[in-house]
Amino acid sequence: MLNIYDAHCRMSGEGDAVVIVHPLIPDQFEQNPLVLQLSRQFRIYSITLPGFGPVYPDLPRKPEQFVDFLARLLQNKFLDSFVLVGVSLGARVALRYATQHHMHIRKLILANPAGINTVNPILKLPCIGTLFTSLLSRHLETKAGFQKFIKHLVYNQSLRSGAYFPIQVVQKNSAWAKQAANTIASLGKASVTEKKNYHRIQKPVLLIGSHEDRVVSHATLHDLQGRLQTVDLQFVEKTGHLGIIENPEEYFVKIEQFI
């Protein structure tokens, strides 16, 4: 019987362990050329955050619940030494995990890390979070809203649909829209205390940004760079927030060289 951890983790390849925590549309990333290339040299663990897999869709409401789930999953896979990669909101979870479980991490890679700073200060106001979640959920439920969301995430607008982003996720009765809205709201901003703990990470860190990222600003990346101890900040040209699917070859080169 498939357990909750197997439902949220796909394994491929052989070699040293590399754990990848994926963003909001994880199933499409498992067949991404970057993952396929890495699996030729490493044992890849592709992890889906709870709420976005086909099984056990219960969605955590707080960042620490996502981190606890990740910790239990890695224990279930008997992983005690690995390279940890976080993509977009997956990077927020990976970063927080690293502050609490740094003894298990050999190296940390954060690709286009979202959820470090609030996108809009208005989200700090009381009750706005609930309203924001409701409005975003309704926005994502429509085909036009979904395509606008994807268009915002990627630089190359031709990737807003097709194999990478199947429109099935917004079909009627799909829970994806609500799940995505809840996750964006719950992981939308790292706390002051959380940021103060980043100095605990003593392992090498690779921080990858995209020059055309409309979600994560250069200021956020440089602020994060200043809070980490041993960090290398690099940029990928002519890609947006999800550059890891637009230009997987360049990401692969940077990640392979760093590992």
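Here, each number is a calculation from the coordinates, and none is a lab measurement. Keep in mind that this is a model prediction, so the values were computed, not measured. Neighbour counts are summed over all protein chains in view; Cβ atoms, including those assigned to glycine, are modelled from backbone coordinates with ideal geometry.
Given 0.36 nm per residue, what is the gain on full extension from Lys62 to Cys127 after removing their alpha carbon distance, in nm?
Details: separation 65, 0.36 × 65 = 23.40 nm, distance 1.59 nm.
Length difference between fully extended and current span is 21.8 nm.
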Extension gain, His222 back to Tyr5 (0.36 nm per residue minus Cα-Cα distance, nm): 74.7 nm
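Just order 144-155, 178-189 by mean Cβ neighbour count inside 10 Å, highest at the front, would you? Intermediate results must be reported in sequence, preceding the final value.
On the way: 144-155: 17.7, 178-189: 21.3.
Per-residue Cβ counts within 10 Å, averaged per peptide and sorted highest first, yield 178-189, 144-155.
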Give me the aspartates and glutamates in straight-line cross-link reach of Lys148: C-alpha distance below 16 Å, same-chain residues under 8 apart excluded. Asp213
At 7 Å along Cα-to-Cβ for each site, give me the label-to-label distance between Arg214 and Gln234 in nm. 2.7 nm
Note the full-extension length gain between Lys196 and Arg106 as 0.36 nm times their separation in residues minus their Cα-Cα distance, in nm to one decimal. 30.3 nm
